[in-house]
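J.: Below is one structure. I have some questions about it.
Rule-based calculations on the coordinates, nothing more; no lab input. What you see is a predicted model; the values in this text were computed from it and never measured. Every residue, glycine as well, gets a Cβ built from its backbone with ideal geometry; the counts of neighbours run over all protein chains shown.
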Amino acid sequence: MTTPVDTVVVGATGAVGAAMLQVLADRGFPVGRLRVVASSRSAGGKVTFRGRELTLEAPSAEVFRGSRLALFSAGASVSREWGPVAAREGCLVVDNSSAFRMDPEVPLVVPEVNPQRIPSPPRGIIANPNCSTIQLMVALKPLHDAAGLEHVVVSTYQAISGKGARAVAEFDTQVRALLQGEPPPVSVLPGVLAGNLLCDWKHEPNGFSEEELKMVAESQKILELPGLRVSPTCVRVPVRNAHSESVWARFSRPLGREEALAVLRRAPGVLVSDAIGPGKHPQPREVSGQDEVFVGRVREDLGDPQALSLWVVGDNLRKGAATNAVQIAERYFQA
Ligand SMILES: NC(=O)c1ccc[n+]([C@@H]2O[C@H](COP(=O)([O-])OP(=O)(O)OC[C@H]3O[C@@H](n4cnc5c(N)ncnc54)[C@H](OP(=O)(O)O)[C@@H]3O)[C@@H](O)[C@H]2O)c1
């Protein structure tokens, strides 16, 4: 793939936007002219791409004119307002927000799982799933193909960067304040995360958080299994980057550890760590900065021969957002 693709990155100053610029460079994506967009507060400021300074612009129809790719990571309201504008201006829009994920006319894509949904998106928009869903899908799809997935119970250990650049900065300030015996500031996060755990998403009347319900609906859409049972619990942990997940999955037939490991070793985008012992599981500190989804601690359930437990770790800013988006663009422009 060598033809230059004129590209717009929306949300370029954010946690995902910074990863997007890095991933475009790391993967050698053939970026032609690059325009970078953030809020009007940042317009006129600079970001760097491949050693070159670029000037930030506020969103406008003109920003997208003449480009072929727009990578959005500026939140759902920005995507709702400007995504269709960018598509009308001729861009393929790959959107990291939740704005279009459940739109029946918008494919929800993890390239290792459902690449067949990439060509000819009806609205010119392809949605990236939620970061927790992406890594879960990369790990479970090959096992589903082998043995038929029936029920997933997943608990997440989600990194602070998943809540954006300001949350990471606030966490650092909280740690410094606690060390100095001062009250930790709380404004972006809903409480003190230093030395603590938080469920920091909006909750629905049924007691589930928005994040948990996204994992259910998005998994069902991506796998095209509307009846799939998904039972999630999402938790924010004081880890800077890379989400971890404890996954229990039940299949339509027994699937032993060795067979599951063999399936996972062949699976695209998965790195298997089958070492057993303290500290030998995939860890967010090692996985941060990597594009693969790491799977370890594969265990046969002690009471149910049709169930397995797994430990799944992925970089939420890269595979959970930027890498997934760039992989979609790579496939789209290769077609
Ligand atoms: N963080 C993750 O791990 C992750 C993973 C998957 C998906 N996502 C999704 O990706 C999106 C961005 O997340 P993030 O974590 O990168 O957030 P973030 O660090 O808070 O960055 C938000 C970005 O959006 C820009 N922005 C805000 N209002 C804008 C406006 N009116 N017009 C144009 N740009 C505007 C900000 O620009 P300023 O600097 O000018 O404010 C900044 O560049 C969200 O929808 C999030 O749900 C995040």
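J.: Excluding residue 83 itself, calculate the net charge of residues whose Cβ lies under 14 Å from the Cβ of residue 83, where each Lys or Arg counts +1 and each Asp or Glu counts -1.
T.: -1
J.: While we're looking at this one, here's another question. For a quick check, take a GNM of the chain with Cα springs below 10 Å and name the residue from 153, 235, 110 with the largest mean-square fluctuation.
T.: Comparing 153, 235, 110 in a Gaussian network model of the chain, the most mobile one is 153.
J.: Sticking with this structure for a sec: Out of 284, 205, 268, any idea which swings most in a Gaussian network model of the chain, alpha carbons joined below 10 Å?
T.: It is 205.
J.: Of all DSSP beta bridges located in the chain, what percent are antiparallel, nearest 5?
T.: Just about 50 percent of them are antiparallel.
J.: Would you kindly state the longest site-free stretch of the chain, with sites defined as GluC sites (Glu not before Pro) in a DSSP loop (not H, G, I, E, B) surrounded by at most 12 other Cβ atoms within 10 Å?
T.: Looking at the chain, 106-223 is the longest stretch - no exposed GluC sites (Glu not before Pro) with at most 12 other Cβ atoms within 10 Å.
J.: Report the one residue of 44, 268, 244 whose Cα lies farthest in the direction of the positive end of the charge dipole of the chain (charges on C-beta: Lys and Arg +1, Asp and Glu -1; origin at the Cα centre).
T.: Looking along the dipole axis, the top candidate is 44.
J.: In the neighborhood of residue 22, defined by Cβ-to-Cβ distances under 15 Å, what is the net charge if each Lys or Arg adds +1 and each Asp or Glu adds -1?
T.: Counting the neighbours of residue 22, the net charge comes to +2.
J.: Would you look at the GNM of the chain, springs on alpha carbons closer than 10 Å, and say which of 290, 306, 180 moves the most?
T.: Ranking 290, 306, 180 by mean-square fluctuation puts 180 first.
J.: Let me ask something additional. When 203, 144 are ordered from fewest to most other Cβ atoms inside 10 Å of their Cβ, what list results?
T.: So the ranking, lowest neighbour count to highest, is 203, 144.
J.: Another question, then. Taking 0.36 nm per residue of sequence separation and subtracting the Cα-Cα distance, how much length would be gained by fully extending the chain between residue 58 and residue 153, in nm to one decimal?
T.: Extending this stretch completely gives an extra 30.0 nm.
J.: Something else now. In whole Hz and in residue order, list the ³J(HN,Hα) couplings for the range 239-247 that follow from phi through the Karplus curve 6.51 cos²θ - 1.76 cosθ + 1.60, θ = phi - 60°; x for Gly and Pro.
T.: Once rounded to whole Hz, the list reads 10, 5, 8, 5, 8, 10, 9, 9, 10.
J.: Considering Cα pairs under 8 angstrom that are at least six residues apart, work out the relative contact order of the chain and quote it in whole percent.
T.: Reported as a whole number, the value is 18 percent.
J.: At 0.36 nm per residue, minus the direct Cα-Cα distance, what do residue 265 and residue 175 gain on full extension? Give it in nm, one decimal, please.
T.: 28.5 nm
J.: Working only with C-alpha atoms, what are the Rg and Dmax values of the range 95-200, expressed in angstrom?
T.: So, for the range 95-200, Rg and Dmax equal 18.6, 57 Å respectively.
J.: In sequence order, what are the phi-derived ³J(HN,Hα) couplings for the range 227-236 according to the Karplus relation 6.51 cos²θ - 1.76 cosθ + 1.60 with θ = phi - 60°, rounded to whole Hz, with x for glycine and proline?
T.: x, 4, 8, 10, 10, x, 9, 10, 9, 8
J.: Antiparallel as a % of all DSSP beta bridges within the range 133-316, to the nearest 5?
T.: Just about 70 percent of them are antiparallel.
J.: I want to check the label-to-label distance for residue 229 and residue 182. Put each point 7 Å from Cα in the C-beta direction and report it in nm to one decimal.
T.: The modelled label-to-label distance comes out at 5.1 nm.
J.: What ³J(HN,Hα) values, in whole Hz, does the Karplus curve 6.51 cos²θ - 1.76 cosθ + 1.60 give for the range 292-309 when θ = phi - 60°, with x put for Gly and Pro?
T.: 8, 9, 9, 10, x, 6, 6, 10, 6, 4, 6, x, 10, x, 9, 10, 10, 10
J.: Also: From the C-alpha coordinates alone, can you work out the Kirkwood hydrodynamic radius of the range 133-316, in Å?
T.: It works out to 17.3 Å.
J.: Tell me the Rg and the Dmax, in Å, that the Cα atoms of the chain produce.
T.: 19.9, 61
J.: Between residue 80 and residue 102, what is 0.36 nm times their sequence separation minus the Cα-Cα distance? Round to one decimal in nm.
T.: 6.6 nm
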